[in-house]
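Asker: My structure is below; once you've seen it, I'll send some questions.
The values are calculated or read from the model by the stated rules, or taken from the named source; none is laboratory data. From a predicted model like this one, the values you see are computed outputs, not experimental measurements. Every residue, glycine among them, receives a Cβ derived from its backbone with ideal geometry; neighbour counts consider all protein chains shown. Remember, those area values only see protein heavy atoms, side chains included, never the ligands or the DNA or RNA. Shrake-Rupley method; radii C 1.70, N 1.55, O 1.52, S 1.80 Å.
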Amino acid sequence: MNKTYIILFLALTITSVIQAQTIAEIKATSGKYIWGQGKGSNIRKADKHALSDLTGQISTVVESKYSYVVHEEGDDFKETLDGIVNTYSGATLTFAMRIVEEGDDGIVTVLRYMEKGEMGKIFEKRGRRIKGYVANAVGAEEEGRVGDALRYYYWAQTLLSSHPDNQDMFFTVDGVEQMLYSWIPDRINRIFTLLNIEIVDINQQGRKKEILFNVKFKGKKAYNLDYTYWTGSDWTSSIGASNGRGLIELFGEAECSMETIRIKTEYEYLNKSRMDPELPGVIEVSDLPYYKKAVKYLAVNKFKAQPEANTQRFVLAKSAAPVTNSMAVSSGESQPNTTNSGAVAETPKAEPVAETAPANEPLAQPVAINEPVAQPELKQPDNETPTPSVVEKTKVDTMPKQLCNEYIMSSLNQIMDALESENFLLADTLFTDEGREIFQKLVNYGNAKRLPITTEISIKKINENTLVRSVPFVFNFSNNNRKFIENLSFSFDEKGKVNNLSFSLNDLSLKGILRHTKWSDASKWHIIDFVENYKTAYALERIDYIDAIFDNNALIIVGKRLEQAEPINDIYKAALSNSQFQFVHVSKKEYIDRLKNVFGANEFVNIQFEECTIKKRDRSSEVYGIQLAQNYFSTNYADRGYLFLMIDVGNPAKPKIYVRSWQPEKNDDGSIMGLGAFFN
């Protein structure tokens, strides 16, 4: 006699109890169910065949809705359609009910079934994902994040081709309802039309030529974009432009003699599609359009060389004042300045920062230096009083007189000499021990080299440190055919030594933080410093630093809507009792151990942030909640999710993370975890 039992895979929202039925009874219920059957030597094999059969039945029901996106005919049409529907057969179909029968001969029979009226649930989640990608694309386009916009538009188009409502899905943009099937490709082509690439410099030494170009979208800087270029025999690997800068490298006589270079803007982002587990399968079976407008041509032979003065490595930003001892950003309350005799000097009154303040505030007059120079004394210009660049807090700093603009520029050039000659002893004395260690890790991270372009840098005095921002570098990962451009920040201590380096946030992210006019300038720059160091620590696998910034009792949450962790202390009770959140909590030690394993298994780790939202807990503390859309890339893995950090920068030298949570998707109401989960 056969043994019959039923296993139900129900969504969390299903609470009804269904009585067990046999396979024969389900099949006999004509027209009510759609089902697939499989047999095998064990449940796993039989279940796999049953899901495959169910997929085929679903294909038959919905095939008429794919006539616009599947262009094959006959058996080829059926094969392609089965492939598309099969992309739903993973976790998406696990809500289908299952009946298992074990025969006396050891053969297992599995039936997967659902009511026909419930079939729409298969496609609901993907429909939400499509519209989510469109919303992300629209936001990225508005902000000039061209690469992100193209990626999200194309991924939305890809998933739309796999959805039975591909002709009937609409999205409201600027108050107008748009049919996505035709609107998305028009939007992608519009981006290509408004994208402009222009050469700014060409450097050639022997059989190597470097072509540097700017990328603009609607006349403004394109903050990110991936591209490849034709070398005469093949397309290169993907290269990530950043902050509107791109680089072409040509080798050998044939490549260097090309008069026109073809550049293709990336829009598929296959290397990043692993962030969405459904995308790779859909891309593989879908017939998607090729965008001819993605290819642009650079006329190398028409470029006119710039004057010799522009071949210098660095120039200081033009609208600035010299670095002075009174321009340090302080994290404490405003204090009266004292002279050497103990007399109290008046604290200069700070001017408010406008809402549209630039991303950073350079503090130096135009100076261009390529060769090392002597260390001159800092002299205050006659009849000129230094104007502080802070919102609320200034203090007299004991910055050595030799740490002026000229000294910093000379030091940077000496470091670049050491990097380009691969003789690091040339700059060894310019680093503290920690700074040297970070510099060496950065050099080894992706074979770093400076982008060979005259760079306008800015200098900012923050507490005891002098921060030099926006030095562009190229990173190349040979094992992954991947290059990208990132700006670096150099931090000089009060003795003139480099004590830290970090990946800089782009101008867009900086403006997002600096626009908070009610916060002190000091607080904003401490947040910027924290986020940049946080990002860099993961890239450089600085376990010791990561361990130090996490509070010993930090609440570290991974996953979403799983099981509730026990409160660590009173500060977390409000969040953990909120029914909206269900957590998997790991201890700090568990989290650090996991990171060690990740770092050990990957050649590189790189994280990129979008949608940065920052809120302050209250007026009396320096506790902030940072919400970020995080794109994570490594050698073996990629994902996208939403990161929340509760940080305390009250002691800027020792910031602390009290809470770190990550969730793969936003909550149903569009929110993610934030300060509101912990404080009223």
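Asker: Going highest first, how would you order 120-126, 642-648, 490-496 by mean Cβ packing within 10 Å?
Answerer: Ranking the peptides 120-126, 642-648, 490-496 by packing returns 642-648, 490-496, 120-126.
Asker: Moving to a separate point now. Using the Karplus curve 6.51 cos²θ - 1.76 cosθ + 1.60 with θ = phi - 60°, what ³J(HN,Hα) values do you get for each residue of region 507-521, in whole Hz, with x for Gly and Pro?
Answerer: Computed from phi, the couplings for region 507-521 are 4, 5, 5, 4, 4, x, 8, 6, 6, 6, 6, 7, 8, 5, 4 Hz.
Asker: Here's a follow-up. Let me check I have the definition right: for region 83-239, take the eigenvalues of the Cα gyration tensor, multiply each by 5, take square roots. What are those semi-axes in whole Å, largest first?
Answerer: 45, 23, 11
Asker: Do the alpha carbons of any pairs in 511/654; 125/615; 220/535; 449/588; 441/461 sit beyond 29 Å of each other, and which pairs?
Answerer: Going by Cα-Cα distance, 125/615; 449/588 fall outside the 29 Å limit.
Asker: May I pose another question? From the phi angles alone, apply the Karplus equation (6.51, -1.76, 1.60; θ = phi - 60°) to region 587-594 and give each ³J(HN,Hα) in whole Hz, x where the residue is Gly or Pro.
Answerer: Computed from phi, the couplings for region 587-594 are 6, 4, 4, 4, 5, 5, 4, 4 Hz.
Asker: When the solvent-accessible surface of protein heavy atoms is calculated with a 1.4 angstrom probe, in what order do 85, 315 fall, highest first?
Answerer: If we order 85, 315 from most to least accessible, we get 315, 85.
Asker: Please list the non-local residues whose amide H lies under 5 Å from the amide H of residue 245, H modeled 1.01 Å from N, same-chain partners needing a gap of 5 or more.
Answerer: Those qualifying (amide H under 5 Å, at least 5 residues apart or on another chain) are 215.
Asker: Kirkwood Rh over alpha-carbon pairs of region 121-185, then Stokes-Einstein at 4 °C and 1.567 mPa s: what D in µm² s⁻¹, rounded to an integer?
Answerer: Result for D is 110 µm²/s.
Asker: I need the P(r) histogram for region 611-680: all alpha carbon pairs, bin width 10 Å from 0 out to the longest distance, whole percents.
Answerer: Result, from short to long distances: 19, 46, 27, 8, 0 percent.
Asker: Sticking with this one: Considering every pair of different Cα atoms, what Kirkwood radius, in Å, is found for region 399-500?
Answerer: 14.1
Asker: While we're on this one: For residue 205 and residue 423 in one chain, what is 0.36 nm times their gap in residues minus the Cα-Cα distance, to one decimal in nm?
Answerer: That works out to 76.5 nm of additional length.
Asker: Would you mind pulling out the separation of the Cα centroids of region 592-648 and region 94-110, in Å?
Answerer: Cα centres, region 592-648 to region 94-110: 44 Å.
Asker: Determine Rg/Rh for region 595-643; Rg is computed over alpha-carbon atoms and Rh is the Kirkwood hydrodynamic estimate from the same atoms.
Answerer: My calculation of the ratio gives 1.16.
Asker: So, one more: Give the calculated FRET efficiency between residue 433 and residue 256 to the nearest 0.05, with a Förster radius of 51 Å applied to their Cβ-Cβ distance.
Answerer: According to the calculation, E is roughly 0.75.
Asker: Karplus couplings for region 629-638 from phi (6.51 cos²θ - 1.76 cosθ + 1.60, θ = phi - 60°), rounded to Hz, Gly and Pro as x?
Answerer: Here the 3J(HN,Hα) series is 7, 10, 9, 10, 10, 8, 4, 10, 7, 8 Hz.
Asker: Checking a compactness column here: for region 409-469, what do you get for Rg(Cα) / (2.2 N^0.38 Å), N being the number of residues?
Answerer: It is 1.16.
Asker: Label points 7 Å out from Cα along the Cβ direction at residue 115 and residue 456: separation in nm?
Answerer: Each label point is offset 7 Å from its Cα along the Cβ direction, giving 6.6 nm.
Asker: Something else about it: What order, most packed first, do the peptides 97-103, 632-638 have when packing is the mean number of other Cβ atoms within 10 Å of each residue?
Answerer: Output ranking for 97-103, 632-638: 97-103, 632-638.
Asker: Next question. Please list, in order, the residues from region 186-211 whose amide nitrogen is less than 14 Å from a point placed 7 Å along the Cα→Cβ vector of residue 449.
Answerer: 203-211
Asker: Set the Förster radius R0 to 41 Å, insert the Cβ-Cβ distance between residue 77 and residue 235 as r into 1/(1 + (r/R0)^6), and round the FRET efficiency to 0.05.
Answerer: With R0 = 41 Å, the Cβ-Cβ based efficiency is 0.80.
Asker: For a quick check: with amide H placed at 1.01 Å from N, whose amide H comes under 5 Å from residue 461's, ignoring anything fewer than 5 positions away on the same chain?
Answerer: 467
Asker: Roughly speaking, what is the stretch gain from residue 594 to residue 22, that is 0.36 nm per residue apart minus the C-alpha to C-alpha distance, in nm to one decimal?
Answerer: My answer for the length gained is 201.4 nm.
Asker: Follow-up question, since we're still on this one. Give the ranking of 155, 235, 662 by solvent-accessible surface, highest area first, calculated with a 1.4 Å probe.
Answerer: 235, 662, 155
Asker: Now for a separate question. At what distance in nm do the modelled label points of residue 619 and residue 602 sit from each other, each positioned 7 Å from its Cα along Cα→Cβ?
Answerer: In this crude label model, residue 619 to residue 602 measures out at 4.3 nm.
Asker: Here's another thing I want to ask about it. If R₀ is 45 angstrom, what is the calculated FRET efficiency for the pair residue 176 and residue 553, using the beta carbon separation as r and rounding to 0.05?
Answerer: 0.35
Asker: Enumerate the amide H contacts of residue 473 below 5 Å, restricted to partners 5 or more residues apart or on another chain; note that Pro and chain-start residues carry no placed amide H.
Answerer: Amide H neighbours of residue 473: 451, 486, 487, 488.
Asker: From largest to smallest, what semi-axes in whole angstrom does region 440-526 give when each is the square root of 5 times an eigenvalue of its alpha carbon gyration tensor?
Answerer: Values for region 440-526, descending: 26, 17, 11 Å.
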